[in-house]
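Remarks on the structure that follows.
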Amino acid sequence: MRNADANRYTYRLDAKEQLQVFNEIEEQGLELTGIFHSHTHTEAYPSETDRRQTYYPEAQYVLVSLADDGAPVTRAFSIVDGEVLEQEVRIE
């Protein structure tokens, strides 16, 4: 989904696009299990904004840090009631 903010420092989903994607997920009998986004200048750890905007506690939040463009870092977290717990990431 595109960044409605059109900004490399913040991210916001376009509401119409989000509704369309969620409808497609439901129509195909799928479940939302993960939400992916990148941090272009900071570590792969949920920011205060990420924690505040956690609307799907059942999903894993997968973050990729691009702070070192030669060595991106991928990490995943569950975020429930503001509590951040790191999860294992396996790339096969």
| remark: How many residues of region 7-21 are open to solvent by 90 Å² or more (accessible area, probe 1.4 Å) and assigned to a loop (DSSP other than H, G, I, E, B)? The answer is 4
| Do the conditions hold for Thr54, that is, is it polar (S, T, N, Q) and either outside any loop (DSSP other than H, G, I, E, B) or farther than 20 Å from Asn3 by Cβ (or both)? | no
| message | Going by what's in this entry, would Leu85 be described as loosely packed, with under 12 Cβ neighbours inside 10 Å and free of Cβ contacts under 8 Å to residues at least 24 places away in the same chain? | response | yes
| query | Does Glu92 meet the test of being at pLDDT 90 or above and open to solvent by 70 Å² or more (accessible area, probe 1.4 Å)? | reply | no
| Answer from Ala59, Ala71 - the residue that is in contact (Cβ under 8 Å) with a residue 12 or more places away in the chain, open to solvent by less than 60 Å² (accessible area, probe 1.4 Å) and among the small types (Gly, Ala, Ser) | Ala59
| field | Matching residues, region 18-45, being more than 29 Å from Asp69 (Cα to Cα) and of a type outside the set (A, V, I, L, M, F, W, C) | value | Gln20, Asn23, Glu24, Glu26, Glu27, Gln28, Gly29, Glu31
| task | Could you figure out which of (1) open to solvent by 70 Å² or more (accessible area, probe 1.4 Å); (2) in a helix (DSSP H, G or I) isn't true of Tyr45? | result | (2)
| field | Qualifying positions in region 22-42 - outside any strand (DSSP E or B), within 17 Å of Asp5 (Cβ to Cβ), modelled with pLDDT of 90 or more and open to solvent by less than 70 Å² (accessible area, probe 1.4 Å) | value | none
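The values are calculated or read from the model by the stated rules, or taken from the named source; none is laboratory data. Only a predicted model underlies this, so the values are computations on that prediction, with no experimental measurement involved. Every residue, glycine as well, gets a Cβ built from its backbone with ideal geometry; the counts of neighbours run over all protein chains shown. Just so you know, the surface numbers come from the protein's heavy atoms only, side chains and all, with ligands and any DNA or RNA stripped out. Shrake-Rupley method; radii C 1.70, N 1.55, O 1.52, S 1.80 Å.
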